[in-house]
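Have a look at the structure below, then the notes.
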């Protein structure tokens, strides 16, 4: 199992690498709003699924 700090670093790295300049997220936020874009990212985007897994690791510690 990864340490809590390692998981946080992984989450940060994923967000910086894939989410900060995401065209789809920006478009959905402008068109449908922040909540819709966030729901799309969490439920549909493969990066969001990976972030969900990391979050579950934090909860289980």
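Just so it is clear, none of the values below were taken in a lab; they were calculated from the coordinates. Fair warning: this is a prediction, and the values are worked out from it, not measured in the lab. In this analysis, Cβ positions are derived from the backbone assuming ideal geometry, glycine residues included, and neighbour counts consider all displayed protein chains.
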Next item on the list: Keeping to the range 41-58, report how many residues are exposed (fewer than 14 other Cβ atoms within 10 Å of the Cβ) and closer than 17 Å to residue 21 by Cβ.
Entry: 1
Note to self: I'd like to check something: does the range 7-19 contain any residue that is loosely packed, with under 12 Cβ neighbours inside 10 Å and outside any helix (DSSP H, G or I)?
What the structure shows: no
Next item on the list: Scan the range 29-55 and report the pairs whose first residue is in contact (Cβ under 8 Å) with a residue 40 or more places away in the chain and whose second residue is crowded, with 16+ Cβ neighbours inside 10 Å, with Cβ atoms within less than 9 Å and a gap of 6+ or a chain change.
Entry: 51/11; 51/41; 51/45; 54/7; 54/10; 54/11; 55/7; 55/11
